[in-house]
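Heads up, the thing below is written out as structure tokens.
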């Protein structure tokens, strides 16, 4: 007999099931069968039965053991039946979707020319010249196989009619013209399978189950627990089994009143179109809106039900808002309830985005834990429609023990129950990455991501330092995209191997034995600098990795039969990954899934698949698959809406209930007959989502917390929740008897930021926020809000007064030059020891057709150095192309031409001054007070200092040469009478600019002034910048007016590219990216006392602006001794 056990409290269903299982079967060795549709429900049911069953002694004593029970899925139960009644069970299983894709693919390949499949043929690009759509074959076959499998599962009458040659929808109605290709194709697939579908012989199978119960190896009683939708095939099989066995359906049902109403109105047996269904309108709006799934289940089960037993709960629930809403659902009545208040048992939280939802959830749960010491993490269930969006946010908000922090939620552990398998199995992730690389361009970033994957690192022994080193090598070797020149040909860029992995690897390996600066290359590879003998082992391991990857990418890019694909993917696992004892399961799972997915039944022809087909297959394998081990672990469980549906928890929180996100969009697939002409009892995604939300409302025993994005984080514009949440809010308003013009006390709108003062107000139950780290910020914000004052400017470096710098030691010449080139940066670096990281320019994966300014400078500087060294210009140009620093083909020649001309102009200007080999001079200058200035000056040719730069000749080049010239004149016996500073000139045409500086007679005194300026700048920041200072000095020398000098300097600062400095933003504003006004710099000058040792050498009078006096002291002597041409 088929007995329906129903209850609003699922615990009661477990009690009844346990009572049934407590009575032994006739055969004590026979395994009980309890079919459960969801993994999460299965895990929970196992644990609950273990608390009720066992052999413990004494009244009510249990030992926590529930053994010899098979918790199969309904599909597994159906397969057992098929195996029992089929002559060839293996052939019968060919009709399940995971196996059916192969015969569908074979039939498609053989019949794409048929007019019936003209739409599919166009979709697959069949017959089109150069069409690149063949990779859609397996995806299309899988989709069709899924449709056929669903038809057999949910509407077997239609399959039976197709087998009989009728193109109908299962009710005798002819299919629409655009759908008739499906029965035609199904019959061809039927011929290929060579075995009848269960639906064809379903009547005979059911008769055999009734007449010969022993044909299937099932016990005398069966149970199906927690189903809210039972497909037609399973319903009919269960009905047949119930003639000779006790079949129990344990259904969570929200309302016995609703059950009675549906029972009274239930139609007779047969398939009924949903459009012809008599609409039943429950009195309670939530039942009316959310319960169609369970109504239709009752309607289709009604003819087969032998007995229906309602099991009411014996527990007396506290009169809370939540329990009152649940009781109204149970009685199918909605009316105001006296004495019920908004007590926190039912809450809807409107937040500014997903991250804020998680923050609010975290604090709300902590309040519940504090209020009830008996509440444990195992009692809390967190559900969300999109777990991938919330998973990283939840991971960051919870379970951070040992990482520090003031939030007590860091000690709560969470278990993400049903994330995609790719996030859990690193080996499968590597296989998927390889397939993605083969289909794409093999970009440098993707290559490095693969190197950093844990199974790959373990296979090749890559440490963290190794990965960092390889990242630098890949970037410096110019790898952009592509494995080699052969792969580039697929994208029309054959003949340009620079920037490929192969060329980059050649550069790395050559760098072990040669120097890049020598401009010697092998074939198309130039040695990479910075690789020494200690890197040989790492280079070899990287070469092994790259070689294996290249071979695999070449192999997977070709077409293979299914068996060859399985071998190739398993070889990918073996060649690129390794596991340890803790992760060995990943390899076993990967190999098992690959083998199962690509195994063809014996005797069936293998199909050839494209790379795109394999990527589609891998995508299906890597979809989220809940496993029972991730549920009910004693931690906070986070999962999607379905796996734990109807499972009671003391606290149920639902995240992400935004408008448009839930229920899922109800778009109709025009090729799915079940959606085009739906029947009562068949699956509807939107109805299913609504039923799941109703199940969640009824499953929460103490608290139901719903969260949604109720306001835009940028504009603050309020947004509505999902429709089901609005209906819940309306229900709560009615129960609480709150007028429509008053705020709903169940709805709580939260602040944009967690540090808002409202979160720390000591209201009933204490402040809402538990984040002690944000409390000082909230207090400061509160004080400003009350006074309406602007907040104090955050302290910055320039506000601090430091003790005078120690100026007793010697001075290094290069340190002096570096400081005076950027005094504010020098203050931060040399006095404070503060350094800013260089701008993290991400390595581009693209082959540029144009170079940016910095890239042009790099190429030009290297080419100029080669010309000055006397290298062959053609060889230097060839080195640049082999380095991969130039765009491909004509683009590279176009970009290099002006760079070459400019470098040659500078080299020509320098040629007459740098004819001999360069000398270096050691200098030692004795400064006032006994200090010394030490250093070495190079680039001396025939008694001249001749520095040459590809850059535009700027004040910093002239100043550096000037200081070195002073040092030689004051601290060396060498005769160096002048400095010739050469750089490029401004203007459209390539030309050079030369500055000739003569050594003065008072070099030591001038150096003393510069050292004094540095000493003062080490005690407090000095706002000199070279372009502005040079302009001020020139104007002051010309006019003697500090006002016009400051004006000229301000103009120069605004136009300067070099003067703005990130260290100035850090020192004066606390933000390296902040703009610093020129007035701020002019105010940052040392005191007269700080410059006292050089007071006699400062130009101007005491009332002259100190900024101008410093600029004139720095650049005035230089200008007086300079010939500019």
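The values are calculated or read from the model by the stated rules, or taken from the named source; none is laboratory data. Treat the numbers as computed from the prediction; the structure is a model and nothing was measured. In this analysis, Cβ positions are derived from the backbone assuming ideal geometry, glycine residues included, and neighbour counts consider all displayed protein chains.
Odds and ends about this structure:
- Criterion (modelled with pLDDT of 80 or more and either more than 20 Å from residue 886 (Cβ to Cβ) or not assigned by TED's automatic domain parsing to the domain that holds residue 445 (or both)) met by exactly one of 479, 483: 483
- Restricting attention to the range 1-59 and to residues that are part of a loop (DSSP other than H, G, I, E, B) and in contact with a helix residue (DSSP H, G or I) (Cβ under 9 Å, 6 or more places away or on another chain), the residue that is farthest from residue 692 (Cα to Cα) turns out to be 53.
- Residue satisfying condition, being crowded, with 19+ Cβ neighbours inside 10 Å, out of contact with any helix residue (DSSP H, G or I) (no Cβ under 6 Å at 6 or more places or on another chain) and in contact (Cβ under 8 Å) with a residue 40 or more places away in the chain, within set 202, 238: 238
- Test: residue 547 is within 18 Å of residue 442 (Cβ to Cβ) and without any contact (Cβ under 8 Å) to a residue 12 or more places away in the chain: yes
- Scanning the range 971-999 for residues being at pLDDT 90 or above and under 18 Å from residue 814 (Cβ atoms) gives a total of 2.
- One residue from 802, 836 being closer than 25 Å to residue 1060 by Cβ, at pLDDT below 90 and not assigned by TED's automatic domain parsing to the domain that holds residue 1073: 802
- Only one of 832, 784 that is surrounded by 11 or more Cβ atoms within 10 Å (Cβ to Cβ), in contact with a helix residue (DSSP H, G or I) (Cβ under 9 Å, 6 or more places away or on another chain) and free of Cβ contacts under 8 Å to residues at least 60 places away in the same chain: 832
- Qualifying residue in the range 121-136 (condition: at pLDDT below 90 and more than 39 Å from the chain's Cα centre (by Cα)): yes
- Matching option when the condition is in contact with a strand residue (DSSP E or B) (Cβ under 9 Å, 6 or more places away or on another chain), in the same structural domain as residue 576 (by TED's automatic domain parsing) and modelled with pLDDT under 90, among 514, 561: 514
- Criterion violated by residue 218 - all others in (1) at pLDDT 90 or above; (2) farther than 30 Å from residue 45 by Cα; (3) over 46 Å from the mean Cα position of the chain (by Cα) satisfied: (2)
- Condition check for residue 264: outside the structural domain of residue 648 (by TED's automatic domain parsing), over 26 Å from residue 724 (Cβ atoms), surrounded by fewer than 19 Cβ atoms within 10 Å (Cβ to Cβ) and free of Cβ contacts under 8 Å to residues at least 60 places away in the same chain: yes
- Residue in the range 934-954 that is in contact (Cβ under 8 Å) with a residue 60 or more places away in the chain, assigned by TED's automatic domain parsing to the domain that holds residue 857, outside any strand (DSSP E or B) and more than 49 Å from the chain's Cα centre (by Cα) present: no
- Any hit, the range 250-272, residues being under 21 Å from residue 704 (Cβ atoms), in contact with a helix residue (DSSP H, G or I) (Cβ under 7 Å, 6 or more places away or on another chain) and assigned to a strand (DSSP E or B): yes
- Taken over the range 64-97, the criterion of being under 30 Å from residue 47 (Cβ atoms) and assigned to a helix (DSSP H, G or I) is satisfied by 74, 75, 76, 77, 78, 79, 80, 81, 83.
- Any hit, the range 604-616, residues being closer than 30 Å to residue 192 by Cα, without any contact (Cβ under 8 Å) to a residue 60 or more places away in the chain, touching a helix residue (DSSP H, G or I) at 6+ places or on another chain (Cβ under 9 Å) and assigned to a helix (DSSP H, G or I): no
- Residues in the range 300-334 that are in a helix (DSSP H, G or I) and under 18 Å from residue 3 (Cβ atoms): 300, 301, 302, 303, 304.
- Answer from 826, 860 - the residue that is in the same structural domain as residue 893 (by TED's automatic domain parsing), more than 37 Å from the chain's Cα centre (by Cα), closer than 30 Å to residue 480 by Cβ and surrounded by 14 or more Cβ atoms within 10 Å (Cβ to Cβ): 860
- Sole residue being buried (at least 24 other Cβ atoms within 10 Å of the Cβ) and either closer than 15 Å to residue 328 by Cβ or more than 45 Å from the chain's Cα centre (by Cα) (or both), chosen from 280, 290, 249, 272: 290
- Residue satisfying condition, being surrounded by fewer than 22 Cβ atoms within 10 Å (Cβ to Cβ), under 21 Å from residue 902 (Cβ atoms) and in contact (Cβ under 8 Å) with a residue 24 or more places away in the chain, within set 972, 1019, 986: 986
- Residue match in the range 719-740 (condition: within 31 Å of the chain's Cα centre (by Cα), assigned by TED's automatic domain parsing to the domain that holds residue 397, assigned to a loop (DSSP other than H, G, I, E, B) and surrounded by fewer than 21 Cβ atoms within 10 Å (Cβ to Cβ)): yes
- Residue match in the range 944-956 (condition: crowded, with 21+ Cβ neighbours inside 10 Å and under 26 Å from residue 1093 (Cβ atoms)): yes
- Selection count where residues are part of a helix (DSSP H, G or I) and in contact with a helix residue (DSSP H, G or I) (Cβ under 8 Å, 6 or more places away or on another chain), scope the range 884-918: 11
- Residue match in the range 1021-1036 (condition: in the same structural domain as residue 1081 (by TED's automatic domain parsing), touching a strand residue (DSSP E or B) at 6+ places or on another chain (Cβ under 8 Å) and either modelled with pLDDT of 90 or more or farther than 19 Å from residue 813 by Cβ (or both)): no
- Residue satisfying condition, being in contact with a helix residue (DSSP H, G or I) (Cβ under 9 Å, 6 or more places away or on another chain) and surrounded by fewer than 17 Cβ atoms within 10 Å (Cβ to Cβ), within set 88, 109: 109
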